[in-house]
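Worksheet for the structure shown next.
The values are calculated or read from the model by the stated rules, or taken from the named source; none is laboratory data. Since this is a predicted model, take the numbers as computed values, not measurements. Here Cβ is always computed from backbone atoms with ideal geometry, including for glycine, and neighbour counts include all displayed protein chains. For the accessible areas, the whole protein counts, side chains as well, though only heavy atoms, and no ligand, DNA or RNA atoms are used. Shrake-Rupley method; radii C 1.70, N 1.55, O 1.52, S 1.80 Å.
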Amino acid sequence: MTVYGVWRCSTDQQDQERQIRALKNAGATVIRGDKITGKSDFSQRTELSKTLKEMKSGDTLILSELSRLHRSFIGMVNEVSNLLERGIQIKTLDGR
């Protein structure tokens, strides 16, 4: 069982180190992220996509918030549902 952490920065001026530290403190052992705007096409989130494909039943995904999974609310709900159906736990740093 692996604990994955995923971060995202919207601009080159943002620093992902704060997010990485928070993910490590929450127990993530594999941490990946994308520097990409929230308005960019979801398919451009290569590290998130790679992580979601790699995860197996029993793994845990840690995110700052659920909205990091997809641009739209419907897409986020669908992704959460898919992960739960696959037996993957989801944890958010915002406690929701």
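Here are some notes:
- Against the numbered list (1) among the hydroxyl-bearing types (Ser, Thr, Tyr); (2) open to solvent by less than 80 Å² (accessible area, probe 1.4 Å); (3) at pLDDT 90 or above; (4) touching a Phe, Trp or Tyr at 6+ places or on another chain (Cβ under 9 Å), THR29 comes up short only at (2).
- Just so you know, in the range 19-33 the residues that are aliphatic (A, V, I, L, M) and part of a strand (DSSP E or B) include one that is farthest from SER64 (Cα to Cα), and it is VAL30.
- Taken together, the criteria exclude GLY75 from residues that are assigned to a strand (DSSP E or B), of a type in the set (Gly, Ala, Ser), touching a helix residue (DSSP H, G or I) at 6+ places or on another chain (Cβ under 8 Å) and touching a residue at least 24 places away in the same chain (Cβ under 8 Å).
- Filter pass, ASP94 being open to solvent by 80 Å² or more (accessible area, probe 1.4 Å), modelled with pLDDT under 90 and not in a helix (DSSP H, G or I): no
- In summary, ARG68 fulfils each of the numbered conditions (1) part of a helix (DSSP H, G or I); (2) touching a residue at least 60 places away in the same chain (Cβ under 8 Å); (3) within 14 Å of VAL3 (Cβ to Cβ); (4) open to solvent by 40 Å² or more (accessible area, probe 1.4 Å) with the single exception of condition (3).
- No other residue among LEU48, LEU52 is assigned to a helix (DSSP H, G or I), open to solvent by less than 50 Å² (accessible area, probe 1.4 Å), modelled with pLDDT under 95 and under 15 Å from GLN19 (Cβ atoms) apart from LEU48.
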